[in-house]
Amino acid sequence: MTAATGHHFARPGNRFWPVLHRSGFTPRLMQPSEQAELLSYGLGITNVVARATARADELTAEEYREGGRLLALKVARLRPRWLAVVGVTAYRAAFDDLKAQVGPQERTFGQTRVWVLPNPSGLNAHWTLETMAEEFGRLRAAEDS
């Protein structure tokens, strides 16, 4: 769906946009087609791997590593305060950190701190809308401090 629409987390029922709102990152529930508005809230959105797939397990280890390398270059250029990676599996594969857990990471990219967030996919059902919003909210609170 994301590939078809050109918008992140576009599949109906994906929990990303509701979680982003519930955690306080956006003042209202946004639609995937409004993703460009995230910049007005000081947020950016990108992919670790640009190739669209139906499932994350369709991506290769090489694609993740190369995506991580390119993302690190983007972070070095843009210098955000935080890099939030949605999905611990993607983070582990992209940055060769097999022990990473959801939450703040020790790794930094220059002055950019890193936080791994739960993937809002329905396949990640052990994270509820409420618990995901709490974790996103922890990052929001860290950003505000």
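The values are calculated or read from the model by the stated rules, or taken from the named source; none is laboratory data. Computed from a predicted structure; not experimentally measured. Neighbour counts run over all protein chains shown; Cβ positions are idealised from the backbone, glycine included. Each accessible area value is taken on the protein alone, full model and side chains, heavy atoms only, with ligands, DNA and RNA left out. Shrake-Rupley method; radii C 1.70, N 1.55, O 1.52, S 1.80 Å.
Worth a mention:
- In the stretch 14-25, the residue that is modelled with the lowest pLDDT out of those that are surrounded by fewer than 19 Cβ atoms within 10 Å (Cβ to Cβ) and at negative phi is Asn14.
- Members of the stretch 62-110 found to be open to solvent by 70 Å² or more (accessible area, probe 1.4 Å) and farther than 23 Å from Arg140 by Cα, listed by number: Glu62, Arg65, Glu66, Arg69, Leu70, Leu73, Asp96, Leu98, Lys99
- Within the option set Leu29, Leu39, being among the aliphatic types (A, V, I, L, M), touching a Pro at 6+ places or on another chain (Cβ under 9 Å) and over 18 Å from Phe95 (Cβ atoms) holds for one residue only, Leu29.
- Entry remark, the stretch 79-97: residues being in contact with an Asp or Glu (Cβ under 8 Å, 6 or more places away or on another chain) and assigned to a loop (DSSP other than H, G, I, E, B) number 1 in total.
- Residue check: Tyr41 meets all listed conditions (1) farther than 17 Å from His8 by Cβ; (2) aromatic (Phe, Trp, Tyr); (3) surrounded by fewer than 15 Cβ atoms within 10 Å (Cβ to Cβ) but one, namely (1).
Residues are listed down the side, and each one gets a yes or a no for (1) in a loop (DSSP other than H, G, I, E, B); (2) modelled with pLDDT under 95; (3) touching a Phe, Trp or Tyr at 6+ places or on another chain (Cβ under 8 Å):
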{"site": "Lys99", "(1), (2), (3)": "yes, no, no"}
{"site": "Gln105", "(1), (2), (3)": "no, no, yes"}
{"site": "Val114", "(1), (2), (3)": "no, no, yes"}
{"site": "Pro120", "(1), (2), (3)": "yes, yes, yes"}
{"site": "Glu134", "(1), (2), (3)": "no, no, no"}
{"site": "Ala142", "(1), (2), (3)": "no, yes, yes"}
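- First in the stretch 1-26 and farther than 11 Å from Leu129 by Cβ, second anywhere and basic (Lys, Arg) and at pLDDT below 85, Cβ under 9 Å, 6 or more apart: Met1/Arg11; Thr2/Arg11; Ala3/Arg51
- Count of the stretch 82-140 residues which are among the small types (Gly, Ala, Ser) and more than 16 Å from Asn14 (Cβ to Cβ): 7
- Within the stretch 92-113, residues that are at positive phi and in contact (Cβ under 8 Å) with a residue 12 or more places away in the chain reach partners that are open to solvent by 40 Å² or more (accessible area, probe 1.4 Å) and not aromatic (Phe, Trp, Tyr) with beta carbons closer than 8 Å, at six or more positions or on different chains, in the pairs Asp96/Arg65; Gly103/Arg138; Gly110/Ala76; Gly110/Arg79.
- Lone qualifier among Arg79, Arg28 - being more than 15 Å from the chain's Cα centre (by Cα) and at positive phi: Arg79
- When the test is whether a residue is among the basic types (Lys, Arg) and crowded, with 17+ Cβ neighbours inside 10 Å, Arg113 passes it.
- Verdict on Arg65 being in a helix (DSSP H, G or I) and at pLDDT 95 or above: yes
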